[in-house]
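Here is the structure we will look at, set down as structure tokens.
Bear in mind these aren't lab numbers, they're just calculated from the coordinates by the rules spelled out. Owing to the predicted nature of the structure, the values given are computational and were not obtained by experimental measurement. Virtual Cβ from ideal backbone geometry, glycine too; neighbours counted across all protein chains shown.
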Amino acid sequence: MKIVKTGTAGTLESSDVMITVRSNEPHGIEIALNSIVEKQFGKQIHAVIRKTLEYLKVKDAYIEVQDKGALDCAIEARLITAVYRAAGIKKINWEVIE
Amino acid sequence: MKEKLRRTMLYVPGNNAGMIRDAAIYHSDSIMFDLEDSVSYRQKDAARMLVFKNLRALDFEGIETVVRINGLDTPYGKDDIEAMVKAQPDAIRLPKTNCAEDIIEVERLIAVEEQKNGIAEGTIKMMAAIESPLGVINAYSIATASERIFGIAIGAEDYVTAMKTKRSPEGVEILYARSAVVTAARAAGICAFDTVYSDLSNEKGFAEEVRLIKQLGFDGKSIISPRQIGPVHEIFAPTAKDIAFAQRVLEAIDEAKTKGSGVIAVNGKMIDKPIVERAERVLELAAASGLLRPTEGADHAE
């Protein structure tokens, strides 16, 4: 998926995460993580984001993550929503979402 | 097979990550993730994805999961069905159901998605909320529109507006609708759920309403806060006297069967089929309320 604009999803409420996706062509994936649990789960959050971007086939994106202790499934959900918004695509391809 | 108890169906706004995460810890009988009225138009996509991912990932400890989708008369209903069938909650709840055709169309779309995802047809159950005078008039045809429907619910807010009135503490303005919905549900052999009580600060008023709907015959109530679970379960729990009588009824039935005798009596009162059914229901409720050992009285299945 090609990022064509800025897309944001999520909230700054406890147990949620706010993710903003911007174009980063041609510099690949860059992740700016700010988390209340960064020390304990920083690596895991990075892994979840990279894995999700991989199956969405996003090659170049700047990902800003403000995490308030979200579960992995919430991080994935917010990232997918932000990516689709940033790609300007309204119809989700549910066949590839697991 | 014993019917599942559905005394409390806890509303959880579909775009609230924290509330979804914690939904199972309060032990309501069912959890209803809402994609409809609690989600703003701009966040419909986000809520749908959040509920989808949580349903796929979390263990809700055997608690029944229901998703309230947007109606098919909105731009969101079809997408909700496509996503939610793949997420596989126990059931999909349709809002603002006016007639049987509303159910039939949703069922058709659910079946298409089940097939696409390799899910056995009929796996996803349905329930319908009746929120209009027309829906109340059509309650029985809605209740019987699909084999998937396990329950119908009355939603009062839209209904009273359409009736040109408003809610009162006594609820006289929705007495007919409540009676019509519970009667239709019983005639169809499915569950009946009452509307929400939104004044969280009025505990006395809430308890009075729960006692009323229990007396009318409802299985339970949609609730908007975990704080409402305890009072509902308490009011629906049978008394020690009810339990003792129910146990005596079922013992007498077993004894009569062993002896091959016909008509029996307990405390001088003739015991017939409705009394046996009520006794079984009392013991199911007692078991669910933790008032019985799990095996006590619960194995009387015939």
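Which FRET efficiency value, to the nearest 0.05, is calculated for A:LYS2 and A:LEU33 with the Förster distance at 30 angstrom and r the Cβ-Cβ distance? E between A:LYS2 and A:LEU33, to the nearest 0.05, is 0.80. Using a Gaussian network model of chain B in which every pair of alpha carbons under 10 angstrom is joined by a spring, one finds that among B:MET19, B:MET84, B:MET127 the greatest mean-square fluctuation is at B:MET19.
For helix B:44-57, report the angle its Cα long axis makes with the longest principal axis of the Cα atoms of chain B; keep it between 0 and 90° and round to the nearest 10°. Once rounded, the angle reads 50 degrees.
Could you work out the percent of alpha carbon pairs in chain B separated by over 37 Å, rounded to a whole number? Taking all Cα-Cα pairs of chain B, the fraction more than 37 Å apart is 18 percent. Taking K and R as +1 and D and E as -1, what net charge do the other residues with C-beta under 14 Å from the C-beta of A:LYS51 add up to? The answer is 0. The alpha-carbon positions of the stretch B:240-288 define a convex hull whose volume is 65 Å³ per residue. So the label point goes 7 Å from the Cα of B:THR165 along Cα→C-beta, right? Which residues of the stretch B:208-236 then have their backbone N under 20 Å from it? Of the residues in the stretch B:208-236, B:208-218 have backbone N under 20 Å from the label point off B:THR165. To test your reading of the geometry: what angle, between 0 and 90 degrees and rounded to tens, separates the Cα axis of helix B:203-216 from the longest principal axis of chain B? For B:203-216 against chain B, the angle is about 70 degrees. Overall size of chain A from C-alpha positions, given as principal axis extents largest first: 31, 28, 20 Å.
The long axis of helix B:77-87 is offset from the longest Cα principal axis of chain B by roughly 60 degrees.
The charge dipole of chain B, taken about its Cα centre with unit charges on the Cβ atoms of Lys, Arg (+1), Asp and Glu (-1) only, comes to about 320 debye.
Could you list, bin by bin from short to long, the percent of Cα-Cα pairs of the stretch B:2-124 in 5 Å steps? Distribution as computed: 2, 11, 23, 24, 21, 15, 5, 0, 0 percent.
Rg over Rh for the protein assembly as shown works out to 1.05, both radii taken from alpha-carbon positions and Rh defined as the Kirkwood radius. Would you tally the net charge around A:GLU98, using a Cβ to Cβ cut-off of less than 10 Å, leaving A:GLU98 out, and scoring K and R as +1, D and E as -1? Once all neighbours under 10 Å are counted, the net charge is +1.
Rounded, prolate or oblate for the stretch B:154-226? Axes are the square roots of the Cα gyration tensor eigenvalues, ordered a ≥ b ≥ c, and the cut-off for rounded is a/c under 1.5.
Values: a/c = 1.80, a/b = 1.21, b/c = 1.49.
Oblate, because a/c is 1.5 or more while a/b does not exceed b/c.
Please give the net charge around B:GLY62, taking every other residue with its beta carbon less than 12 angstrom from that of B:GLY62, where Lys and Arg add +1 and Asp and Glu add -1.
Values: positive: B:LYS4; negative: B:ASP29, B:ASP59, B:GLU61, B:GLU64, B:ASP90.
Spelling it out: positives minus negatives among the neighbours equals -4.
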